[in-house]
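J.: For reference, the structure I am asking about is given below.
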Amino acid sequence: MKKGLLKILGLTLALVMGFSAFGCNNTASAEASSFVSVDINPSIELTLDGNDKVLSVRGTDEDGQVLLYGETSLVGLDVEAAIEKITFLAVELGYLSEDNKVVNTSVSAKTKALADKVRDKVNAKITATVGDFNVTIDEEQAYSLKRQFEQFKADYPEYADSITIEQFKLALSASETGEVTLEAAIEMDAIELIKIISDAHKALKDYATEEYLKAKHKAEAEFNNNISDIVDGIYEGIEGLRLILGSQVEKYGDIMGSVRQLEGIVKSFKFEKVVNYELTTNEVDALVTALGLSDSIPLQNADGKVTLGSVYGYLDKTLKNLPETDAETVKTNIEGIIAGIEANAKTYVEQAINAHKAQIETLLGNVQIEGVDLTDGVSKEEVKLIIDHFKAQAQTLLETIEAHIKNIPGAKEAIELAKNLKDHHGYNNHKGDMEDAINAAKETAQQKLQDLKNARRPAPAN
């Protein structure tokens, strides 16, 4: 049997037996009933249970992660206490100040009455917490969100008169977890979306920066590849496997090999975001000039790069704090530049995703699947349809394989050995390598966030 096919069969069995690095948590949790978004720049999201207690909290941009880093006592608090603490931190770290005293809030819940109640609590606590200057609550939402909202309505005019910006915000936040597309989220019930967001928040640590998540994903993928090599050796010792089952095992291996590659492609999509697009020098220069800035430093993120995300952050903060007429003038001056940057960012993401097109077409071969047409590019939904199609085929073959493998000499012992993989020295070595890589990424992320937070803290009084 081809080694590559043994790898796929072995890896599949290892994953079923529970040796994958990707764990799951089946612990029941309180029902998520409300979603709260607070955009000071930093941007913070919270989910609440039916008693308005915090189930999860997450910083959705770099400043939000900095603000929340090390703050472990927010979960379980009443929403008012949590908002008070977040507001105090925002003031302490200089995010909320005389120069930035407009806060955007958005609340969604399973009922309008509940949303209104939570919104009143949130808004009242923010304004009551800040004593040295007056905070304005702006429920019209941030500049960047409004741009995305208007673009969505232009792309999907059937929703133009039926969706509010708060509904869009909830759907957008759910889609950014990678668990559901924006198009699908728009059609879902609020409580379903709030649960998706809450579960995604709870699965992430406070140090889970984009760089950390990428490094973790890479380390886990390498671990699973290495474990499949170990299982290869086990199944290569089963004499007669290919003789009895013939092409069925090879076909199963081919299909599962395709599934595995396709699932890896889908996972990589979540790292392809328009906000990660890094502006060209010409784009930066044009924006600096239009905004009347002396240099690009105000537009940069913590790594010194000017991305669409960092530009949005600057504009969201700046425009909401300007008098309305001044803000409209700025918007007019930058409209063409921002529209061009957004178009280039969209192309950047499409190109990154479509870079997988040739590989997907090769894996797909001559198979025709309803809803899949790669002539106009690749989408996550199409790749998932291909995966579902292949998995259905693989399941039929697997049932045949499982019915016969028990009659093959040595199969029972080999399966028992696979069940005890954690005792295999190779398993432990590879697991150690994976944990070392993840821990290194964790330490890097923690240090970065702590340094950024320390830099914002006021110097102690003498």
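J.: Filtering region 104-116 down to residues that are surrounded by 15 or more Cβ atoms within 10 Å (Cβ to Cβ) and either part of a helix (DSSP H, G or I) or of a type in the set (D, E, K, R) (or both), which residue is nearest to the chain's Cα centre (by Cα)?
T.: Checked region 104-116; the qualifying residue nearest to the chain's Cα centre (by Cα) is Lys110.
J.: Spot the failing condition for Val122; the list is (1) in contact (Cβ under 8 Å) with a residue 60 or more places away in the chain; (2) outside any helix (DSSP H, G or I); (3) β-branched (Val, Ile, Thr), and only one is missed.
T.: Every listed condition holds for Val122 apart from (2).
J.: Considering each of Glu350, Glu283, Glu381 in turn, give the residue that is part of a helix (DSSP H, G or I) and more than 30 Å from Ile255 (Cβ to Cβ).
T.: Glu283
J.: Moving to a separate point now. Looking at Gln261, Gln368, which is the one that is over 22 Å from Thr177 (Cα atoms) and either in a loop (DSSP other than H, G, I, E, B) or in contact (Cβ under 8 Å) with a residue 60 or more places away in the chain (or both)?
T.: Result of the check over Gln261, Gln368: Gln368.
J.: Also, I was wondering about something else. Between a residue in region 339-364 that is free of Cβ contacts under 8 Å to residues at least 40 places away in the same chain and any residue that is part of a helix (DSSP H, G or I) and surrounded by fewer than 18 Cβ atoms within 10 Å (Cβ to Cβ), which pairs come within a Cβ distance under 7 Å, given they are 6 or more apart or on different chains?
T.: Listed by first residue and then by second, the contacts come to Lys357/Leu374; Glu361/Leu374.
J.: Got a number for residues in region 70-103 being within 15 Å of Asp49 (Cα to Cα), part of a loop (DSSP other than H, G, I, E, B) and among the aliphatic types (A, V, I, L, M)?
T.: Final tally of qualifying residues: 3.
J.: Kindly indicate whether Leu291 is of a type in the set (A, V, I, L, M), buried (at least 17 other Cβ atoms within 10 Å of the Cβ) and at pLDDT 90 or above.
T.: So Leu291 passes the test.
J.: Tell me which residues, restricted to region 287-317, are of a type in the set (Asp, Glu) and part of a helix (DSSP H, G or I).
T.: Hit for region 287-317 is Asp316, nothing else.
J.: Could you say which residue among Ile196, Ile244, Ile227 is within 30 Å of Ala445 (Cβ to Cβ) and at pLDDT below 85? If you could, list the steps in order and put the result at the bottom.
T.: On the way: Ile196 fails: at pLDDT below 85; Ile244 fails: within 30 Å of Ala445 (Cβ to Cβ).
One residue alone meets the criteria, Ile227.
This table checks each residue for (1) surrounded by fewer than 18 Cβ atoms within 10 Å (Cβ to Cβ); (2) modelled with pLDDT of 90 or more.
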site	(1), (2)
Ala124	yes, yes
Thr129	no, no
Tyr143	no, yes
Gln151	yes, yes
Asp161	yes, no
Thr164	yes, yes
Lys169	no, yes
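J.: Among the residues of region 26-42, write down those that are closer than 22 Å to Lys448 by Cβ and touching a residue at least 60 places away in the same chain (Cβ under 8 Å).
T.: Ile40, Asn41
J.: For Lys305, all conditions in the list (1) in contact (Cβ under 8 Å) with a residue 12 or more places away in the chain; (2) among the charged types (D, E, K, R); (3) out of contact with any strand residue (DSSP E or B) (no Cβ under 8 Å at 6 or more places or on another chain) hold save one; what is the number of the exception?
T.: (3)
The values are calculated or read from the model by the stated rules, or taken from the named source; none is laboratory data. Note that the structure is a prediction, hence the values are computed from the model and not measured. Methodologically, a virtual Cβ is constructed for each residue, glycine included, from the backbone with ideal geometry; neighbour enumeration extends over all protein chains shown.
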